[in-house]
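Every number in this text was worked out from the coordinates using simple rules, so none of it is lab data. Because the structure is a prediction, the values reported are computed rather than measured. Cβ placement follows ideal geometry from the backbone for every residue including glycine, while neighbour counts extend to all protein chains displayed.
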Amino acid sequence: MTRLRAHKKEKMELMHKHLQRLELQLNQTLAMWNRSASFNDRNKLCGAIHRLALESDALRTENVELFERLQCFERLQSIAHQEILETVHTDDHESANVTMYEASTKAKWTPQSVISGWRVFFPDGAPSFYFHPFTFEEFNRVTKLCDDTFAVDPPFINCVGEMFGWKMHCAPLTRRPDKSLVIHARFTSQFNSSLDSIGDIMRKLGVKSLPLISTPPHWNPNQREELSVNVLQEFEKDSYVVVCNIPGPVHYRFIYFHRQLNRIMINGKRSVAFIMIAANSEANQRTRLEELQHNVNWVQEGGTYVTLTEVDDGTVDMAYDHWGSCQDEQHGQSLFIQWAQLVSRWSQTIMPKLLKSGN
């Protein structure tokens, strides 16, 4: 019996050891499988990343090629579009940018037969409006007030810098009682010319080369050819009522008085002033409210005052005041930049003609 129990115990120990060996083999096999699976997963992941990198690089290369082809296409399209415009509008360009006097001779208004007013249409299909004519007394009162303000002792404005021979002055934005903002700038320069020569050049500037009292935010000066300028009334030579429409999603529009004044100063020297000032009347304002157009913005305030003053027979001082309503400070800065660009273009227009004429 004792031997039997000992034999049974020995057998149980052998079976237990065998079980331990089997468990060890199982654990080793499972560990090997896990390592193999992990290694395969890493291989698969590395392979996928490598393929993605290759595909990404190929897509990048293709994207660059497409971008370059698109740029080339856009350049060709732009050149072709410009060529078409130049071909179509070459003959019309000179006639479109006529002087104010030439524009007045072609105006369609007939104040003799239509006393109370008439509807004004634009060639570009912009919304029309009904216009009530101004009296000469209204015209004279507004332009005289402007002349009295700037002719002899204009408001002081700090100088903010110089550009291409022009001194630039700019006043802080002014807030009117109705909460609107107004910017005012002045540009001054001196030209070696006779007053007659430079005055003649300024008088012959086309209507689309004249200052624009105000322009919309983000407006591009290259869009000047798109605007419409119509002479509505003529009181005497160089005295006009004009409307300007700047097309866009919301049309910017203003009526203004345009006048030239010649004077002899106390010292015997001559001076010429060119006035443009936004104009309105109760009758016109009432009509605008009656036929409210949400896609038209009427500019209520703004103007320009350009003076040519004879220093001597061969020297002329030029001063250009410009003020206009703006929506905010950024819009005001944009207007100031546009006005600075305008005087730069004037220099480019004036100087070659003076050199050509020898004055």
- request: Sort the following peptides by mean Cβ neighbour count (other Cβ atoms within 10 Å, averaged over residues), highest first: 127-138, 209-220.
  value: 209-220, 127-138
- prompt: Once the piece of chain linking Leu14 and Ile266 is laid out straight, how much longer is it, given 0.36 nm per residue of separation minus the C-alpha distance between them?
  reply: 77.2 nm
Pairwise label distance in nanometres, Lys179 with Glu291, each label 7 Å out on the Cα-Cβ vector: 2.9 nm
- prompt: What FRET efficiency do you get for Thr135 and Phe164 if R0 is 41 Å and r is their Cβ-Cβ distance, rounded to the nearest 0.05?
  reply: 0.45
message: Take Arg224 and Asp196, extend 7 Å from each Cα along the Cα→Cβ direction, and tell me the distance between the two endpoints in nm.
response: 2.8 nm
message: I need the calculated FRET efficiency for the pair Glu236 and Leu145, taking r as the beta carbon distance and R₀ as 22 Å, to the nearest 0.05.
response: 0.75
From phi via Karplus (6.51, -1.76, 1.60), per-residue ³J(HN,Hα) for region 172-179 in Hz, x at Gly/Pro: x, 4, 10, 9, 6, x, 7, 6
Estimated inter-spin distance, Trp298 and Arg21, nm [label 7 Å along Cα→Cβ]: 11.0 nm
query: Tally Lys/Arg at +1 and Asp/Glu at -1 over every other residue whose Cβ is under 9 Å from the Cβ of Ser209; what's the total?
result: +3
